[in-house]
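The values are calculated or read from the model by the stated rules, or taken from the named source; none is laboratory data. Computed from a prediction, not measured in an experiment: that's the story for all the values here. Cβ placement follows ideal geometry from the backbone for every residue including glycine, while neighbour counts extend to all protein chains displayed.
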Amino acid sequence: MWFFRSPQIVFGEHALDYLRQVEGQRAFIVTDETMVQMGFVALVEERLAEAGLETACFAEVEPDPSVETVERGAAQMRAFAPDWIIGLGGGSSMDAAKAMWILYERPDLDPRAITPFDHLGLRQKARMIAIPTTSGTGSEVTWAIVLTDTEEARKFGTGCPEALPDLAIVDPHLAARMPPRLTADTGMDALTQCIEGYVSTWHNDFTDGLNLKGIQLIFEYLPRAYENPDDMEAREHMHNAATLSGLGYMNAMVGLAHAMGHALGAHFHVPHGRAVGLYLPYTIEFSVREGDTRYGEIARSLGLPAADEVEGARSLVQAIHDLARRIGQPLTIQELGLDAESYRTRIPDLVTHSEEDASIVACPRQPTTEELHRLFEYAYDGRSVDF
């Protein structure tokens, strides 16, 4: 028995106006300072005011939000006592909003100890709206939460199905002001989620179509959104593709590239989408050598050569390389600018944190500790995986 979970989704042009229909008393907005400066917080506050809601804003979320930030925001949330919580921004803001929501309703919990099997009893105090301003994480339609433990210098995944937002507002105009670098980083995150969700050992009929459609949209529209930020057709399709990726992977699971990317990001502060997108081709080459994979199906859906699974994987890797080059993404750790000695010194820690990451459990080929160490090594200078 399995479950497919999704919030109500309002999408398309002027979707943000749906906030005028929200019924409640007080809304607590969780975001970052950039969203304030860009005027997005004001847009949300104006519409909520028209609906008769009082608002407060916590705009202190950092990239890769820390447990300390979440605890500080939850304390302010308890003082304000909202009946709506709004996560506005990229994945960091939405993840922080989910975690703060949990601590608001359950102040007895340590966010590090939350598991998908817990019964939290949420929605006694508040419900949640997620509003993405980037086209990548799909956090608006997932219950996953990624936080940073600053003491251990690691990212960790947590969450519970009850923390799924009640409403996702997917308005492409909020993503239209992303600079090209952010467009590329978040787009690679969405692509990695779709590909890993499709080949996950937990994939199912309900997620396969979402992930394949997301992959097709990203290959077609990400270059356009990157090269012409004013292309609203590309922006809308990419914003929808990111939401599809969230639905697709959250109901199937991501994989090895995410486990490795989480570890790299925590140690070297590499943007999440850039990290997972970089490792994706290496994990495909690794998985297809011994795993029961489905890369050939993805390749055929894109019109790439795929007479067998190996050729399909090879074609897909080449297509990812071509896409990454077109949108200015690195293909090796060396291209990230990381010093070889500093990187290799940390590989044992990267391996340990990858093995502890929940993302690794459903990948089509489970690496040994030695194989994972070699994957990190190979990614430094871009060697094709031969083991």
By residue number, the members of region 20-42 that are touching a residue at least 40 places away in the same chain (Cβ under 8 Å), under 24 Å from the mean Cα position of the chain (by Cα) and either not in a strand (DSSP E or B) or not assigned by TED's automatic domain parsing to the domain that holds G90 (or both) are T31, D32, T34, M35, M38, F40, V41
Out of (1) more than 17 Å from the chain's Cα centre (by Cα); (2) assigned by TED's automatic domain parsing to the domain that holds G291, the odd one out for L167 is which? (2)
For K98, all conditions in the list (1) at pLDDT 95 or above; (2) over 18 Å from F28 (Cβ atoms) hold save one; what is the number of the exception? (2)
For region 124-175, give me each residue that is touching a helix residue (DSSP H, G or I) at 6+ places or on another chain (Cβ under 7 Å) and either farther than 28 Å from M38 by Cβ or among the charged types (D, E, K, R) (or both). Q124, K125, E140, D149, A153, R154, K155, F156, G157, T158, D171
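So which residues in region 267-311 are without any contact (Cβ under 8 Å) to a residue 24 or more places away in the chain and either on the phi < 0 side of the Ramachandran plot or surrounded by 17 or more Cβ atoms within 10 Å (Cβ to Cβ) (or both)?
So in region 267-311, the residues without any contact (Cβ under 8 Å) to a residue 24 or more places away in the chain come out as 275, 296, 299-300, 303-311.
Of everything in region 267-311, those that are without any contact (Cβ under 8 Å) to a residue 24 or more places away in the chain and either on the phi < 0 side of the Ramachandran plot or surrounded by 17 or more Cβ atoms within 10 Å (Cβ to Cβ) (or both) turn out to be A275, G296, A299, R300, L304, P305, A306, A307, D308, E309, V310, E311.
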Please find, within region 54-87, the residue that is surrounded by the most Cβ atoms within 10 Å (Cβ to Cβ) out of those that are of a type in the set (D, E) and under 19 Å from the mean Cα position of the chain (by Cα). D64
Matching option when the condition is outside the structural domain of E196 (by TED's automatic domain parsing) and in a loop (DSSP other than H, G, I, E, B), among T137, T148, T69, T158: T137
Looking at this structure, is L217 in contact (Cβ under 8 Å) with a residue 60 or more places away in the chain and part of a helix (DSSP H, G or I)? no
Can you tell me which residue in region 353-376 is surrounded by the fewest Cβ atoms within 10 Å (Cβ to Cβ), limited to those that are among the β-branched types (V, I, T) and touching a residue at least 60 places away in the same chain (Cβ under 8 Å)? V361
Residue check for G121: small (G, A, S), at positive phi and buried (at least 24 other Cβ atoms within 10 Å of the Cβ): no
Restricting to region 214-271, name every residue that is in contact with a Ser or Thr (Cβ under 6 Å, 6 or more places away or on another chain) and farther than 29 Å from K155 by Cα. A225
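Among the residues in region 1-13, are any without any contact (Cβ under 8 Å) to a residue 24 or more places away in the chain and outside any strand (DSSP E or B)?
First, pick out the residues of region 1-13 that are without any contact (Cβ under 8 Å) to a residue 24 or more places away in the chain: 1.
Checking which are outside any strand (DSSP E or B) leaves us with 1.
Within region 1-13, one or more residues are without any contact (Cβ under 8 Å) to a residue 24 or more places away in the chain and outside any strand (DSSP E or B).
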Can you name the condition, by its number, that S66 falls short on among (1) closer than 25 Å to E152 by Cβ; (2) in contact with a helix residue (DSSP H, G or I) (Cβ under 8 Å, 6 or more places away or on another chain)? (2)
Being surrounded by fewer than 20 Cβ atoms within 10 Å (Cβ to Cβ) and modelled with pLDDT of 95 or more, is that true of even one residue in region 147-155? no
Is it the case that some residue within region 235-250 is out of contact with any Phe, Trp or Tyr (no Cβ under 7 Å at 6 or more places or on another chain), more than 17 Å from A319 (Cβ to Cβ) and surrounded by fewer than 22 Cβ atoms within 10 Å (Cβ to Cβ)? no
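Filter region 88-110 for residues that are in contact (Cβ under 8 Å) with a residue 24 or more places away in the chain and either part of a loop (DSSP other than H, G, I, E, B) or of a type in the set (D, E) (or both); which is surrounded by the fewest Cβ atoms within 10 Å (Cβ to Cβ)? Full working, then the answer.
To start, the set of residues in region 88-110 that are in contact (Cβ under 8 Å) with a residue 24 or more places away in the chain comprises 88-104, 107.
Filter once more, so that each one left must be either part of a loop (DSSP other than H, G, I, E, B) or of a type in the set (D, E) (or both): 90, 95, 107.
Working: G90: 30, D95: 29, P107: 11.
My answer is P107.
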